[in-house]
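Just so you know, all these numbers are worked out from the coordinates, no wet-lab data involved. If you're wondering where the values come from, they're calculated on a predicted model, not measured in any experiment. Here the Cβ is made from the backbone with ideal geometry for all residues, glycine too, and neighbour counts use every protein chain on show.
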Amino acid sequence: MLLFAARRLLLAIPVLLGVSLVVFVLVHLAPGNAIDMLLPPEASARVVAEVKAAFGFDKPLYMQYLLWLRSALTGNFGVSIFNASPVLGQLFVALGNTFILAVLAAAVGFSFGIGLGLVAALHHGRWPDKLCSAIATAGVSLPNYWVAIVLVLFTAVLHNWLPAQGMGPDQVPLWDRGQYLILPVVSLALIPMGVIGRLVRATVLEVLGQEFVGALRAKGLGRGPIIRHICKNAAAPVLALMGLQFGYLLGGSILVETVFNWPGSGYLLNLAIFRRDIPVLQATVVVLAAFFVLLNLLVDIVQAAIDPRLRR
């Protein structure tokens, strides 16, 4: 098991290096110039050269990448072009806020998804199956940003039931500001709920058709123990998808966070794109990609622990 985990960890290193290189190149090849946004058009050539030198933009691109990579490996992502504050500090706060949303949305989406999938599979072909399948399909089909806008319109604009934006006053503890979490968590939870629900239904139906289920019934096992055996055999692909979906929640919440003005990593990334704040943009994308790769690594290890056949 340790050898399998070490091998997977070694394979993750070139993936992270490749992601950092691709992100760095694409950011610098994108149209626009951060210096042009920072300085007025009438700035002299000497001032432009000094600002470029201050941010390291006067060096060749490959040298900029190597210097940035060396600093990033030590946790130093530079300073923001827009406000000259350390990128790591901004990113740490934003990731903490996104992590709150992602964990809650994953808990809600995964729980309802597993429940819908199990009910649909165990009542295959009957009305609970059709109802649960319809709910899961709706969750997958509806864009989360559209759902977020509709929820804001209905609950905040028309009826004033829940706050539409922000995290609430800073002096109030987060656990007392739960009303600010309801709308973004519901918006983010729909897609993982639908995806997990559809996979659980398909996987459980596949397991139900295997011979060992009939053997367990022939031995006289009750419904509860049989369902536990079915869930154990269906767990590996579901766990893999749950890891991917949690990664999507961390990195794909940019539109939802923008709708609700939630100060997370997606909101920070959106601001960095429009401001052409290259250090913040690079650091946010690379850190989110690193989380995604590490989540996949963790899921692979958990899958191998559940099913020893995957260690080969």
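Mind listing the long-range amide H neighbours of Val79? Cut-off is under 5 Å, sequence gap 5 or more, other chains count too, H placed in the peptide plane at 1.01 Å from N.
Val87
With a 10 Å Cβ neighbour count serving as the proxy for reagent exposure, in which order, fewest first, do Thr258, Thr98 appear?
Numbers: Thr258 17, Thr98 26.
By the 10 Å Cβ count, ascending, the order reads Thr258, Thr98.
Hey, fewest Cβ within 10 Å first, where do Asp58, Asp300 land in order?
The most exposed by this proxy come first: Asp58, Asp300.
Ranked by Cβ crowding within 10 angstrom, fewest neighbours first, how are Trp262, Trp127, Trp68 ordered?
Numbers: Trp262 24, Trp127 8, Trp68 21.
With the sparsest Cβ surroundings first, the list reads Trp127, Trp68, Trp262.
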